[in-house]
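Please treat every number below as a calculation from the coordinates, not as lab data. Keep in mind that this is a model prediction, so the values were computed, not measured. Every residue, glycine among them, receives a Cβ derived from its backbone with ideal geometry; neighbour counts consider all protein chains shown.
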Amino acid sequence: LINNVSAAEAFLATYNAEASQVSNRYAEASWTYNTNITEYNQEIMLKERLAADKFSQEAAWNASGYNLTVMDATMRRQFVKIMDIGTAAQTNETKLIHLGQIESEMETIYSTAKACLAPEKCLPLDPDLTRIFTTSRDYDQLIAAWKGWRDATGPKLKNLYTEFVTLSNEAVRNLGHADLGAYWRSRYDTPEFEADVQALFDQLRPLYEHLHAHARRRLKTIYGKDKFPSSGHIPAHLLGNMWAQQWSSLVDEFVPYKGKPSLDVTPEMVHQNYTAEKIFHTADNFFQSLGMIPMPEPFWNKSMLKKPTDGRDVVCHASAWDFSNGIDFRIKQCTDITQQHLETAHHEMGHIEYYLQYKDQPLVFQKGANPGFHEAVGDVIALSVQTPEHMKSIGLLHSVSNDTETDINFLMSMALQKIAFLPFGFLIDQWRWRVFSGDTKPEQYNEHWWNLRCRYQGVSAPVERSASDFDPGAKFHIPANTPYIRYFVSFVIQFQFHKALCDKSGYIGPLHRCDIYNSTEAGTALSEMLKLGSSKPWTDEMQNLTGQAKMDAQPLMDYFKPLLEYLRKENGNDYGWDPICPDLTPTS
Ligand SMILES: C[C@H](NC(=O)O)C(=O)O
Ligand SMILES: [Zn+2]
């Protein structure tokens, strides 16, 4: 082993320069493919992926020649991360290439899928099917869109996914990980991570159960009681979203006090001729008001902020890109002019702000403190943006009254975005971790998926499902192989961050009405955390910002306390559902 620290430093300097180049090349090829899905672009992207994987393997091999015990903590942390190369650890080149092909094939199938509602009427997810779910209240039209999308994705993906699992597990076992799920959980670097998220979910279940009961009651008045199974589940296609994961599009139906002005700013955005650019400038303006880093020139020149109209296929699921050269950062979003896309724009720009803040860190530290941190940044800003006061200040709401009824209505609108999401954010990787560990066999994929959906989310399939279906494949993150527990973590910690920043901004009052706009104190505190990237354990960074070194659901519970009191009163004992799925065979 090499004991010479200056040799180790020289190795790191070389690694950082070379790895940034390799990372930039792969990002460019991946961007070209994601914004113009063709076989040729897929082939180029896969060649660059193989080159990047081989570079990682070589760097890991060279790094393993250094004696870590003679290094300081920061240098050792870099070497450990250089050697933690995930599925690139597959030494059999044929299998390495095959894994890349399968992953890009799954993402292509998902991103080019169309649901055929009638023989000649086949619609893509964005914007067409999404718009049906946000606007239609037609039970049968929603069934057609819900079933059509699953028919167009799942069956084509199931066998590819089975192969993907086998190849991925084999690769990470070379690094000593039990399976891909264990490798993903290791990024949180706390041995009791799985127990921690289970405990958080259990703590938050009453909030969700009472929101679910309220939603079910309101939906019964819209669709009729006979459309709802006696088990208490809500048919999964009635919650205003393809996956029932967030219910904001039903805010006008779900607000407790209907007489009040609508909180849905979508009509006003359309009325004011909002464009995608204006949506992103609104977000950029907020970050600048905090004294944080503005979007650099290449962001505006090179991002894809709208779905192309020249007929090419693109990956529409929104994402933020780091080209590892300190200046080129982009968002790819098929922006629609809606409140939900205004929120998504802040979410994606939060990623870009994080990239900008940590761009001078060594490459392996140019990551979130943990993946949940990266998902939380933009959402924290969006918690301020969505307050009635802020919406009024940017001209999207005209009347804001502070009476209790409006306050409860506002809390309901935020609960439809944040509380509704919790079981979904929790269950995706509960399912995937068992698939990777082998507890869930391919023939059980769909059954175990619906077991979790029925048990935790209280939603059920509106039509018969069969083993040839693969409903997990209808959600982007499964075919795109993007871990999901990060969003559950984010939805908890973003309220810890929000509370800490509100305190630093000197705000006094209920947490749900706090708007940190223009607070450079809040901006400085947030920037200091983001600048660290993953150079420190996330528990240290959480401690620095919030005074606590752990995930804590209390700020989220405090934020929604007035709403839970209202819902407990309204629901009495009429809440909850059977843990198992209802029997779908229609009663004769
Ligand atoms: C919550 C998650 N957000 C994201 O992918 O950016 C989703 O859309 O499912
Ligand atoms: Zn994100």
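All other residues whose Cβ lies under 12 angstrom from that of T338 are scored, Lys and Arg at +1 and Asp and Glu at -1, for a net of -4.
Rounding to the nearest 20 debye, state how big the charge dipole of the chain is about its Cα centre with +1 on each Lys and Arg Cβ and -1 on each Asp and Glu Cβ. Could the numbers behind the result be given before it?
On the way: 56 positive and 72 negative charges, 120 e Å.
Taking the Cα centre of the chain as origin, the dipole is about 580 debye.
The alpha carbon radius of gyration of segment 387-515, expressed as a multiple of 2.2 N^0.38 Å, is 1.40.
Since only N273, W243, S230 are under comparison, the one whose Cα sits farthest along the positive direction of the charge dipole of segment 226-323, derived from C-beta charges on Lys, Arg, Asp and Glu, is S230. A full extension of the chain between N92 and D583 corresponds to an added length of 172.1 nm, given 0.36 nm per residue minus the alpha carbon distance. Under the simplified labelling scheme, the T221-M557 pair shows an inter-label distance of 3.1 nm, with each label point 7 Å from Cα along Cα→Cβ. Taking θ as phi - 60° and the Karplus parameters 6.51, -1.76 and 1.60, the scalar couplings of segment 182-191 work out to 5, 5, 4, 5, 5, 5, 8, 6, 10, x Hz in sequence order, x denoting glycine and proline. On a C-alpha basis, how far is the centre of segment 113-180 from the centre of segment 283-342 in Å? Whole number, if you could? When both Cα centres are located, 25 Å separates them.
Need one number: % antiparallel among DSSP beta bridges in the chain, to the nearest 5. Taking every DSSP beta bridge within the chain, about 65 percent pair in antiparallel fashion. Nearest 10 degrees, 0 to 90: what angle lies between the long axis of helix 93-112 and the longest principal axis of the chain (Cα atoms)? Here the helix axis deviates by roughly 30 degrees. Model label points for N174 and N573, set 7 angstrom from Cα along the Cα-to-Cβ axis, are 6.0 nm apart. Computed from phi, the 3J(HN,Hα) profile of segment 199-208 under the Karplus parametrisation 6.51, -1.76, 1.60 (θ = phi - 60°) reads 5, 5, 4, 4, 5, 8, 4, x, 4, 5 Hz, with x in place of Gly and Pro. Taken one residue at a time, the phi angles of segment 75-87 give Karplus couplings (6.51, -1.76, 1.60, θ = phi - 60°) of 5, 4, 4, 5, 5, 4, 5, 4, 8, 8, 9, x, 6 Hz. Gly and Pro are set to x.
Please report, to one decimal in angstroms, the Kirkwood hydrodynamic radius of segment 102-242 built from all distinct Cα-Cα pairs. Intermediate results must be reported in sequence, preceding the final value.
Values: mean 1/r = 0.0538 Å⁻¹.
Across segment 102-242, the inverse of the average 1/r is 18.6 Å.
Between A51 and S230, full extension at 0.36 nm per residue minus the direct alpha carbon distance yields a gain of 58.9 nm.
Shape verdict for segment 355-449, please, from the Cα gyration tensor: rounded (a/c under 1.5), prolate (a/b greater than b/c) or oblate. Write out the running numbers ahead of the final one.
Values: a/c = 4.51, a/b = 1.44, b/c = 3.13.
Oblate.
For the chain, what log10 I(q)/I(0) values come out of the Debye formula at q = 0.10, 0.13 1/Å, with one point per alpha carbon and no solvent? Scattering profile of the chain, log10 relative to I(0): -0.89, -1.62.
Given R0 = 60 Å, the distance between the Cβ atoms of E464 and S6 translates into a calculated FRET efficiency of 0.35. Given R0 = 56 Å, the distance between the Cβ atoms of N67 and D310 translates into a calculated FRET efficiency of 0.50. Alpha-carbon geometry of segment 545-588: the Rg and the Dmax are 18.2, 60 Å, given in that order.
Helix 39-63 and the long axis of the chain differ in direction by around 50°, with both axes built from C-alpha atoms. Taking 7 Å steps out from each Cα toward its Cβ at S399 and Y139 produces label points 3.5 nm apart.
Is the shape of segment 484-573 rounded, prolate or oblate, going by the alpha carbon gyration tensor and its root eigenvalues a ≥ b ≥ c, with a/c under 1.5 for rounded and a/b larger than b/c for prolate? The shape class here is oblate.
Report the extension gain between C116 and I508 in nm, rounded to one decimal, defined as 0.36 nm multiplied by the number of residues separating them, less their alpha carbon distance.
Values: separation 392, 0.36 × 392 = 141.12 nm, distance 5.25 nm.
Once the chain is fully extended between C116 and I508, it gains 135.9 nm.
Rg ratio for segment 42-179: its Cα radius of gyration over 2.2 N^0.38 Å, N being its residue count, equals 1.50. Packing, taken as the mean count of other beta carbons within 10 Å per residue, orders the peptides 36-42, 368-374 from highest to lowest as 368-374, 36-42. Against the main long axis of the alpha-carbon atoms of the chain, helix 485-504 sits at an angle near 80°.
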